[in-house]
Amino acid sequence: MKVDGKCMCGHIQYEAEVDPEKATVCHCTDCQVHGATAFGAVVGVVNKNFRLLSGNLKIYVKTAQSGTKRAQAFCPECGTRIHASTVGDGDPFFALRLGTVRQRDQLPPKRQVWRRSALRWIDDLSAIPRFDGQPDL
């Protein structure tokens, strides 16, 4: 599936070919910390078919919980995470951050990984009040 996306400030713009079957929710602690949230959501890029249309990415190499070195690419202006890819030999999974994909609504997660790190409260959010916009604080 052909997709396009950008960072929050628009400095980074890209297009990519993704595999909708590789839309994944990741519960690893790295995704929790790096994303400042309960999990990460990514989609696999087919054959590393990712093309940067504007801007230059900043790269941070992190040794993942699995021991694999992952290059974390993000916008140097606004800090939006764009993708992560394996460094050197290893798992070739190239993960595009789903929140940056314009077509993200068409890519529902098909699997969850690193469930052993999932926060206990993540499985049932249905009892929490819901608002269509920002409620009064």
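I want to confirm something. Restricting to region 85-126 and keeping residues that are assigned to a loop (DSSP other than H, G, I, E, B) and without any contact (Cβ under 8 Å) to a residue 12 or more places away in the chain, which single residue is farthest from the chain's Cα centre (by Cα)?
Pass one, region 85-126, residues assigned to a loop (DSSP other than H, G, I, E, B): 87-94, 102-103, 107-110, 114, 118-119, 124-126.
Now restrict to residues that are without any contact (Cβ under 8 Å) to a residue 12 or more places away in the chain: 89, 124-126.
On the way: ASP89: 21, ASP124: 22, LEU125: 21, SER126: 24 Å.
Across region 85-126, the extreme among qualifying residues is SER126.
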Can you list the strands (runs of 3 or more DSSP E) found entirely within region 7-71 that contain at least 1 residues being open to solvent by 40 Å² or more (accessible area, probe 1.4 Å), at pLDDT 95 or above and closer than 12 Å to LEU96 by Cβ? 13-26, 40-54
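Out of region 93-137, which residues are of a type in the set (A, V, I, L, M) and in contact with a helix residue (DSSP H, G or I) (Cβ under 8 Å, 6 or more places away or on another chain)? Break it down stepwise before answering.
Kept after step one, since they are of a type in the set (A, V, I, L, M), are these residues of region 93-137: 95-96, 98, 101, 107, 113, 118-119, 122, 125, 127-128, 137.
LEU98, LEU107, LEU119, listed by residue number.
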Near pairs, Cβ below 8 angstrom, 6+ apart or cross-chain, from region 14-41 (without any contact (Cβ under 8 Å) to a residue 60 or more places away in the chain and among the small types (Gly, Ala, Ser)) to any residue that is assigned to a strand (DSSP E or B) and open to solvent by 10 Å² or more (accessible area, probe 1.4 Å): GLY35/ARG81; GLY40/VAL25; GLY40/CYS26; GLY40/ARG97
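The values are calculated or read from the model by the stated rules, or taken from the named source; none is laboratory data. Computed from a predicted structure; not experimentally measured. Positions of Cβ are backbone-derived with ideal geometry, glycine not excepted, and every protein chain shown enters the neighbour counts. SASA here: full protein model, heavy atoms, side chains in, ligands and nucleic acids out. Shrake-Rupley method; radii C 1.70, N 1.55, O 1.52, S 1.80 Å.
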